[in-house]
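Each remark here refers to the structure printed beneath this line.
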């Protein structure tokens, strides 16, 4: 088994990946106990509370960043390794790559890219105004190389900040899962307006039957594969089929769309847990 650093998971010291497992076309098989736990959780949060969560979604994420500041997630130095398009989506090496990081958080993805690649310009937006302020306060932030702004991808027009069809690559990394499933297509339509025809969306997010999904207690379920955390933030767990349909009905072509299986070791708590992520690439179809 190959040793893989766990850049995203707080408290996770190491994680291990079996290359054969990572190529599996389906999510991991559940144990009998896990199957019983999921099948027994049929009660969903009331419609009134769900409306309240939707209304307060921005406030809950802003409070998340108020509590955790820039310390919750680790910098994502793995993106260029996992997504070669961050290097190759240009005709020649010195050509400037224009990237949109949709859901940038406090900049854990954008600042390693800015350090690593002198020929990249990054638009960075987030739902949380506080997160955007943290990005702008980072010593590596420069308006010559980066433009950060607050945006609700489900209703704010990205073209207010980014020129139409001007972006080469868009990253959606642990972002779409936080959006209500009924509004995911709206978000994809929005990012599509600023992506060049032939441009690429790089996606990584929670996969179906990830350990985090199985940890939710009764009373946390909002809908099928959709849950609310104690702090009011929400998370959806994607199947390959659902994600493919989502993108393909909003003008994208699937390039790759695979589950990535990991075992994350938390030495402090003495735990070894199965993680399931969905890692995908989609191309905007030329009109």
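Results, tabulated for the structure shown:
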{"item": "Condition met for residue 93 (in contact (Cβ under 8 Å) with a residue 12 or more places away in the chain and in contact with a helix residue (DSSP H, G or I) (Cβ under 9 Å, 6 or more places away or on another chain))", "result": "yes"}
{"item": "Residue among 236, 209 that alone is at pLDDT 95 or above and buried (at least 18 other Cβ atoms within 10 Å of the Cβ)", "result": "236"}
{"item": "Subset of segment 166-189 [surrounded by 20 or more Cβ atoms within 10 Å (Cβ to Cβ) and under 23 Å from residue 145 (Cα atoms)]", "result": "167, 168, 169, 170, 171, 172, 173, 175"}
{"item": "Helices (runs of 4 or more DSSP H) (entirely within segment 173-287) containing at least 3 residues that are under 16 Å from residue 38 (Cα atoms)", "result": "211-214"}
{"item": "Residue within segment 147-165 that is assigned to a helix (DSSP H, G or I) and surrounded by fewer than 22 Cβ atoms within 10 Å (Cβ to Cβ) present", "result": "yes"}
{"item": "Enumeration of residues in segment 74-94 that are surrounded by fewer than 17 Cβ atoms within 10 Å (Cβ to Cβ), in contact with a strand residue (DSSP E or B) (Cβ under 9 Å, 6 or more places away or on another chain) and closer than 17 Å to residue 167 by Cα", "result": "87"}
{"item": "Test: residue in segment 115-127 that is under 16 Å from residue 85 (Cβ atoms), at pLDDT below 95 and part of a helix (DSSP H, G or I)", "result": "yes"}
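Yes/no matrix, rows are residues, columns are (1) within 18 Å of residue 172 (Cβ to Cβ); (2) touching a helix residue (DSSP H, G or I) at 6+ places or on another chain (Cβ under 9 Å); (3) surrounded by fewer than 17 Cβ atoms within 10 Å (Cβ to Cβ):
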{"position": "107", "(1), (2), (3)": "yes, yes, no"}
{"position": "110", "(1), (2), (3)": "yes, yes, no"}
{"position": "113", "(1), (2), (3)": "yes, yes, no"}
{"position": "116", "(1), (2), (3)": "no, yes, yes"}
{"position": "122", "(1), (2), (3)": "yes, yes, no"}
{"position": "128", "(1), (2), (3)": "yes, yes, no"}
{"position": "135", "(1), (2), (3)": "yes, yes, no"}
{"position": "141", "(1), (2), (3)": "no, yes, no"}
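The values are calculated or read from the model by the stated rules, or taken from the named source; none is laboratory data. Please read all numbers here as calculations on a predicted model, not as lab measurements. All Cβ positions, glycine included, derive from the backbone under ideal geometry; neighbour counts span all protein chains shown.
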